[in-house]
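This report concerns only the one structure given below.
The values are calculated or read from the model by the stated rules, or taken from the named source; none is laboratory data. It should be emphasised that the depicted structure is a prediction, and the values quoted were computed from it without experimental measurement. Please note: Cβ atoms are built from the backbone with ideal geometry, for glycine as well, and neighbour counts cover all protein chains shown. Each accessible area value is taken on the protein alone, full model and side chains, heavy atoms only, with ligands, DNA and RNA left out. Shrake-Rupley method; radii C 1.70, N 1.55, O 1.52, S 1.80 Å.
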Amino acid sequence: MAIQKLPDNLVKLIAAGEVIDSLVAVVRELVENSLDAKAHRIVVSVYPETWNLQVADNGEGITQQDLPLTIQPHTTSKIHDTNDLINIKTLGFRGEALHSIAQLANLNISSRVANDCGWEITVENAHLQQIYPKPSAVGTIVKVNDLFGNMPVRRQVNPPFKQQLKKIQILLGEFALCHPHITWQLLVNDRLIFSISGSQCAEKILPQLLKTVHYSDLKTIQKNINPPSEKSISHLELVIGLPDRISRPRPDWVKIGINGRVIKCPELESAIYSSFHRTLERDRFPVAFLHLQTSPRQIDWNRHPAKAQIYLDNIEFWQEEIKQSITESFKLTNNNISQKWENKRVENIFKVAENKSIYQLEQEETKQAEKDTEENIGLIDLQVIAQARNTYIIAEHSQGIWLIEQHIAHERIIYEQLQNQWEIVPLENPIILDKLLPKQIEQLNNIGLEIEAFGEDLWALRTIPKILLNRDDSLSTIIELSYGGDLNSAQVAIACRSAIRNGEKLTIKQMQDIVNNWKITKNPHTCPHGRPIYLSLEESSLYRFFRRHWVLGKSHGIQEKKA
Ligand code: ADP
Ligand code: MG
């Protein structure tokens with residue numbers, strides 16, 4: 001066949017189909033428009049059988065004159081010239097989405113700006129049919145009907161509706177994290193299936209998405225930062241799940257948002273995962289959400305055709321900032337612990353004692369606690385008062401009592417010391433080892449120890465990790481280390497072996513030393529195997545448990561006389 005130029009409408013259809021390839025893609029485009037219009041309420045309705053959907057918002061609206069322009073190609077209100085291009089603050093700017101959707105579906109767009117009545121346009125086969133007044137509230141409703149009606153194959157290759165719905169739900173959740181002040185609803189066939197209430201920060205949104213998480217399991221760091229060679233200030237918001245409280249069985253909940261949308265940036269994700277190294281149990285993964293608001297000059301969107309991945313300038317700088325922020329959020333400050341609901345374990349203990357009538361009191365107390373913690377920065381002051389079962393250090397602080405397991409708290413201290421100063425020292429008298437396999441010798445070399453043949457089936461170990469010097473069990477520890485693992489696993493093993501055992505009686509002074517050294521570790525929440533180190537019994541929960549709010553007379557069976 002000879003080469004021919006394609007008819008205009010076919011070119012548009014192909015181009016549109018490349019960008020808008022699914023229900024989710026339509027929802028993404030429409031929601032981005034609502035966000036750009038500064039809506040604070042967005043309702044997405046989907047009618048799967050008919051491939052209809054609608055996005056309604058209470059944003060700024062579109063004027064009567066602009067309404068027909070929205071479906072024209074390359075028509076946007078968001079940028080005007082090249083200068084605007086380097087300073088884009090909106091999610092959209094190409095002026096292509098509504099035009100593309102109009103190639104693939106019939107549209108009804110109704111909108112009202114303040115100080116005018118509402119207007120509606122109908123669009124069929126990519127052509128404007130009518131414009132007429134339509135009473136409505138300020139905001140915009142875009143109805144998409146019979147999506148892909150002219151591209152039946154596209155309907156077939158879309159995954160089953162349940163999966164698409166899941167994707168829409170995830171998408172809305174991700175937008176909600178980046179735009180926490182917005183209230184969201186998702187309806188399917190007019191039935192509400194998912195909603196998110198707006199709040200001030202992502203920390204209050206995350207528990208609405210992950211039902212097992214309470215916001216007191218989270219820690220947020222907010223920072224204004226100046227990246228190198230960039231004039232404008234960037235803002236970093238990092239919400240992490242405290243490692244002794246929440247983790248995931250899969251690496252599926254580390255999300256990175258940049259300038260209002262969640263994207264993939266493997267470099268930043270790996271900075272988060274590596275900061276959680278040796279804080280979670282094996283095969284468990286962290287929960288974290290990072291939102292960077294930075295100058296568009298710092299971002300290169302050309303990493304992925306659908307703009308789902310980016311390159312970020314100053315990537316090492318950001319990785320370092322993230323690592324520091326996570327370290328900061330692990331610190332045991334009053335801020336971390338003074339929440340009402342503590343972690344799940346304690347919550348369950350206290351549930352039994354809970355009583356609806358105290359709810360009001362509780363809330364007031366929360367406010368007081370929040371106020372207190374704002375003033376209290378710095379590490380928590382923990383006073384050791386006793387040892388229980390030769391295993392638990394009992395320490396009190398201004399807002400409660402903690403049980404700290406002595407062995408793993410000590411293990412955390414030693415582990416971090418070993419990481420900071422892994423020192424190999426010469427042995428005055430070599431340790432003689434026998435019956436070593438070549439693999440074991442190689443392993444000891446790998447972790448930096450000097451070992452050489454010393455006769456038939458004998459080897460002399462000439463250097464040793466300093467911490468094992470003059471210890472009775474150094475030989476058995478070395479043998480254990482020779483069985484495998486990298487340097488880090490060796491450090492974990494040594495820390496575990498060298499830490500004070502449970503069952504050992506300690507003096508108050510010894511325990512206070514452990515507590516003081518433990519609370520300044522980088523991650524005091526869990527041991528290097530991911531086990532939680534302390535159990536907190538906050539005064540507020542004890543108060544609830546012992547029902548201290550009860551009126552004295554009432555609890556003694558004496559009725560108070562009403563005045
Ligand atoms: P872009 O978002 O890239 O500008 P779109 O095709 O998505 O392009 O939208 C075209 C224009 O329509 C936008 O620039 C905006 O002016 C207007 N618009 C679309 N949706 C809305 C909405 N929900 N609220 C207000 N204006 C809207
Ligand atoms: Mg848009």
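Please work out how much length the chain gains when fully extended from T63 to A15, using 0.36 nm per residue of separation minus the C-alpha to C-alpha distance, in nm with one decimal.
Numbers: separation 48, 0.36 × 48 = 17.28 nm, distance 2.78 nm.
Full extension of this stretch gives 14.5 nm more.
Need one number: nm distance between label points at F317 and N488, each 7 Å from Cα along Cα→Cβ, rounded to one decimal.
With each label point 7 Å from Cα toward Cβ, the separation is 2.7 nm.
Using r as the Cβ-Cβ distance of K5 and A114, and R0 as 51 Å, what FRET efficiency do you calculate, to the nearest 0.05? Could the numbers behind the result be given before it?
Values: r = 46 Å, r/R0 = 0.90.
Between K5 and A114 the formula returns 0.65.
Just order 203-210, 118-125 by mean Cβ neighbour count inside 10 Å, highest at the front, would you? All intermediate terms of the calculation are to be shown ahead of the outcome.
On the way: 203-210: 20.4, 118-125: 18.5.
Most protected by this proxy first, the peptides run 203-210, 118-125.
Once neighbouring chains are kept in place and the probe is 1.4 Å, which whole percent of the accessible area of the chain is contributed by carbon and sulfur? Let's see the in-between values first.
Values: 15130 of 29330 Å².
Roughly 52 percent of what the probe reaches on the chain is carbon or sulfur.
With a 1.4 Å probe and every protein chain left in place, work out the accessible area per residue of the chain in Å², rounded to a whole number. Walk me through the numbers on the way to the answer.
Values: 29330 Å² over 563 residues.
Solvent-accessible surface per residue comes out at 52 Å².
If you wrap segment 205-329's Cα atoms in a convex hull and average its projection over all directions, what's the area in nm²? Could the numbers behind the result be given before it?
Working: hull surface 30.8 nm².
Approximately 7.7 nm², given one-decimal rounding.
For a label point 7 Å from the Cα of K134 along Cα→C-beta, name the residues of segment 65-107 whose backbone N is under 19 Å from it.
65-72, 97-107
Would you work out which of P228, G173, F276 lies farthest towards the positive end of the dipole of segment 162-278? Charges go on Cβ: Lys and Arg +1, Asp and Glu -1.
Of P228, G173, F276, it is G173.
At a Förster distance of 51 Å, what's the computed FRET efficiency of S274 paired with H80, Cβ-Cβ distance as r, to 0.05? Before the final figure, lay out each step's value.
On the way: r = 43 Å, r/R0 = 0.84.
Once rounded, the FRET efficiency stands at 0.75.
What does a probe at K231 reach in segment 78-121, counting residues whose amide N is under 16 Å from the point 7 Å along Cα→Cβ?
The answer is 83-88.
Quick one: what does P(r) look like for segment 1-94 with 10 Å bins over all Cα pairs, in whole %?
Each 10 Å bin holds this share of Cα pairs: 13, 35, 36, 12, 4, 0.
Counting each pair of different Cα atoms once, what's the Kirkwood radius of segment 433-537 in Å, rounded to one decimal? Intermediate values should be presented prior to the final figure.
Details: mean 1/r = 0.0626 Å⁻¹.
After inverting the pairwise mean of 1/r, the radius is 16.0 Å.
What residue among W119, N150, Q103 has its Cα farthest toward the positive end of the dipole of segment 26-168, where the charges are +1 on Lys, Arg and -1 on Asp, Glu, each on the Cβ?
Selected residue: N150.
About the Cα centre, and with charges only on the beta carbon of Lys, Arg (+1) and Asp, Glu (-1), how big is the dipole of the chain? Nearest 20 debye, please.
Numbers: 63 positive and 67 negative charges, 345 e Å.
I would put it at about 1660 debye.
If you count, for each residue, the other Cβ atoms within 10 Å and average over each peptide, how do 500-509, 1-10 line up from highest to lowest? Don't skip to the end; give the middle numbers.
Numbers: 500-509: 12.2, 1-10: 7.2.
Answer by packing, highest mean first, reads 500-509, 1-10.
Show that you can apply the helix-only estimate: for the chain, add -39,500 (n - 2.57) for every DSSP H stretch of four or more residues, divide by all residues, and state [θ] at 222 nm to the nearest 500.
Computed mean residue ellipticity for the chain: -10000 deg cm²/dmol.
With all distinct Cα pairs included, what does the Kirkwood hydrodynamic radius of segment 218-285 come out to in Å, to one decimal, could you say?
Working: mean 1/r = 0.0734 Å⁻¹.
Mean inverse Cα-Cα distance, inverted, gives 13.6 Å.
Over 20 Å intervals from 0, what percent of Cα-Cα pairs in the chain sits in each interval?
17, 39, 29, 14, 2, 0
So who's got an amide H within less than 5 Å of the one on N259, skipping anything under 5 residues away but keeping other chains? H placed 1.01 Å off N, in plane.
For N259, the qualifying residues are L292, Q293, T294.
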